[in-house]
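J.: Structure provided below as structure tokens; questions to follow.
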Amino acid sequence: MSFDSFHLHPALHANLTSLGYKQATPIQSQSIPVLLKGKDLLGIAKTGSGKTASFALPILNQLVNIREGEKNRQPKILVLVPTRELAVQVEEVFKALSGNLPRPIKSMAVYGGVSINPQMKAIYGVDILIATPGRLLDLQRSNAVDLSKVERLVIDEADKMLNLGFQKEMEELLQHLPKQRQNMLFSATLSEQLSGLNKILLSNPVVIKIEEKEEEVKLINLSGYFVSNERKGPLLRHLIREKNMTQVLVFTSSGVKADKVAGKLNKNGIQALAIHGKKSQSGRMRALDKFKSGELQVLVSTDLISRGIDIDALPYVINYELPRSPKDFVHRVGRTGRAESKGVAITFVTREETHHLKVILKKMKRYMDIVDSESLEF
Ligand code: ADP
Ligand code: MG
């Protein structure tokens, strides 16, 4: 579907063109009209399907049409996301879409792990605030920001945000928002928590669920290897060399493991960095930027960056260790095969994990060929 039918501000169209967006994706086609009408929405669509612009476009369109005099100096729009890296990325999308508008629209990402003072100074006069919950609460408690003027709330990666891990912070934050507001929840995976809490959050929401077509599911080629823990390192190096992988994202289940795997790769002449929650924020950003730009061959990560992070045409994802939950598996492999591009996701499985893998694949409604690596020479 063309973007023309939404009658967005011409400057927004120009920005879409310069981003190379020609057609709206299915989630964009269906949610933009609903959101332009000011309705609450629960939008479910697979990873990489363009959910960010689904909320960013109607938000910007509304802001650009506000007359100057009506402007207040506190955020009108709040976007909540689970990780710092995703906050930065979503803010980049808002920036890219808000170039050359007739009145400047200010967006800003706030997140923890970096010093709070510069954020306190810069936050005044921001229209769109993209935040992780913890840092936003800190800013709120120190009166650096007033959330009572928020008119629209977006919760991206909603199932994660409404999960137990964020519950206390989310409850506290929501108390500071006006009751009367538009709510937009977006997610690739739906969970029990989401179906429970959205009843509280959303008033009579429109629910849009984009079902995947067969051929779209196949954009990600899934395959696996049975391998013992001791042979995982050698198998990883063998695959990287044999398949000439120039850009590969490797998932482990702990930060300690991520460091070990990256260290071992470097020792063997394969350039790798690790990213996880125990690393400094500047180290995290540097590793991700280098990887996104193609400068870094291997990024080894925990599930920290399994959510929402968009790496242009990433060809390979490797699950060095299986995630515990099938949902994490979906998000991990969804870092590849984004937009229309193809991707390959390779999973390492120990014999003891066979049952667990079956559970995951059943949830994904996918089949996967698994090769026994014992017979491979490397
Ligand atoms: P999601 O949040 O659903 O995982 P994103 O919003 O991160 O997906 O978008 C995934 C990728 O698709 C990004 O690189 C984005 O620039 C691109 N994209 C989004 N919408 C379009 C479109 N209409 N046309 C082309 N590319 C798009
Ligand atoms: Mg997203």
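J.: Please find, among Met161, Met170, Met120, the residue that is in contact with a helix residue (DSSP H, G or I) (Cβ under 7 Å, 6 or more places away or on another chain) and open to solvent by 40 Å² or more (accessible area, probe 1.4 Å).
T.: So the residue among Met161, Met170, Met120 that is in contact with a helix residue (DSSP H, G or I) (Cβ under 7 Å, 6 or more places away or on another chain) and open to solvent by 40 Å² or more (accessible area, probe 1.4 Å) is Met120.
J.: Consider Gln30 carefully, then state whether it is closer than 22 Å to Ile220 by Cβ and either in the same structural domain as Lys365 (by TED's automatic domain parsing) or not charged (D, E, K, R) (or both).
T.: Here the answer is no, as Gln30 does not meet what is asked.
J.: Does region 94-111 hold any residues that are part of a helix (DSSP H, G or I) and within 15 Å of ligand 2 (Cβ to nearest atom), and which are they?
T.: Listed by number, the residues that qualify are Phe94, Ala96, Leu97.
J.: Can you say whether Glu91 is farther than 28 Å from Gln180 by Cα and either in contact (Cβ under 8 Å) with a residue 40 or more places away in the chain or within 15 Å of ligand 2 (Cβ to nearest atom) (or both), as far as the supplied structure shows?
T.: Criteria not met by Glu91.
J.: Right, here's the next one. For Val256, only one of the following conditions fails: (1) in contact with a strand residue (DSSP E or B) (Cβ under 9 Å, 6 or more places away or on another chain); (2) under 19 Å from Asp303 (Cβ atoms). What is its number?
T.: Looking at each condition in turn, Val256 falls short on (1).
J.: Determine which member of the set Val333, Val359, Val317 is open to solvent by 40 Å² or more (accessible area, probe 1.4 Å) and either in contact with a Cys (Cβ under 6 Å, 6 or more places away or on another chain) or among the hydrophobic types (A, V, I, L, M, F, W, C) (or both).
T.: On the way: Val333 fails: open to solvent by 40 Å² or more (accessible area, probe 1.4 Å); Val317 fails: open to solvent by 40 Å² or more (accessible area, probe 1.4 Å).
Among Val333, Val359, Val317, only Val359 is open to solvent by 40 Å² or more (accessible area, probe 1.4 Å) and either in contact with a Cys (Cβ under 6 Å, 6 or more places away or on another chain) or among the hydrophobic types (A, V, I, L, M, F, W, C) (or both).
J.: Only residues in region 177-192 that are away from ligand 2 (no atom under 12 Å from the Cβ) count as the first member; pair them with residues that are open to solvent by less than 20 Å² (accessible area, probe 1.4 Å) and charged (D, E, K, R), Cβ under 8 angstrom, at least 6 apart or cross-chain, and list the lot.
T.: Matching pairs, first to second residue: Gln182/Asp40; Asn183/Asp40; Met184/Asp40; Leu190/Asp159; Ser191/Asp159.
J.: Phe94 versus (1) modelled with pLDDT of 95 or more; (2) out of contact with any helix residue (DSSP H, G or I) (no Cβ under 7 Å at 6 or more places or on another chain): which is the lone unmet condition?
T.: Of the numbered conditions (1) modelled with pLDDT of 95 or more; (2) out of contact with any helix residue (DSSP H, G or I) (no Cβ under 7 Å at 6 or more places or on another chain), the odd one out for Phe94 is (2).
J.: Say whether the condition of being in contact (Cβ under 8 Å) with a residue 24 or more places away in the chain, part of a helix (DSSP H, G or I), open to solvent by less than 10 Å² (accessible area, probe 1.4 Å) and in contact with a Phe, Trp or Tyr (Cβ under 9 Å, 6 or more places away or on another chain) is met by at least one residue in region 34-50.
T.: Kept after step one, since they are in contact (Cβ under 8 Å) with a residue 24 or more places away in the chain, are these residues of region 34-50: 34-36, 38-50.
Next, only the ones that are part of a helix (DSSP H, G or I) stay: 34-36.
Now narrow it down to the ones that are open to solvent by less than 10 Å² (accessible area, probe 1.4 Å): 35.
This time we only want the ones that are in contact with a Phe, Trp or Tyr (Cβ under 9 Å, 6 or more places away or on another chain), so: 35.
Within region 34-50, one or more residues are in contact (Cβ under 8 Å) with a residue 24 or more places away in the chain, part of a helix (DSSP H, G or I), open to solvent by less than 10 Å² (accessible area, probe 1.4 Å) and in contact with a Phe, Trp or Tyr (Cβ under 9 Å, 6 or more places away or on another chain).
J.: Separate question: Assess whether Thr17 counts as being open to solvent by less than 40 Å² (accessible area, probe 1.4 Å) and either more than 12 Å from ligand 1 (Cβ to nearest atom) or of a type in the set (Ser, Thr, Tyr) (or both).
T.: no
J.: Another one. Looking at region 123-155 only, could you name the residues that are open to solvent by 40 Å² or more (accessible area, probe 1.4 Å) and either free of Cβ contacts under 8 Å to residues at least 60 places away in the same chain or basic (Lys, Arg) (or both)? Quick ask: steps written out before the conclusion?
T.: To start, the set of residues in region 123-155 that are open to solvent by 40 Å² or more (accessible area, probe 1.4 Å) comprises 124, 138, 141-143, 146, 148-149, 151.
Within region 123-155, Tyr124, Asp138, Arg141, Ser142, Asn143, Lys149 meet the criteria.
The values are calculated or read from the model by the stated rules, or taken from the named source; none is laboratory data. Bear in mind that the values here come from a model prediction, so they are computed numbers and not experimental data. When we count neighbours, we look across all protein chains shown, and the Cβ atoms used for this are built from the backbone with ideal geometry, even at glycine. Note: areas computed on protein heavy atoms with side chains; ligands, DNA, RNA excluded. Shrake-Rupley method; radii C 1.70, N 1.55, O 1.52, S 1.80 Å.
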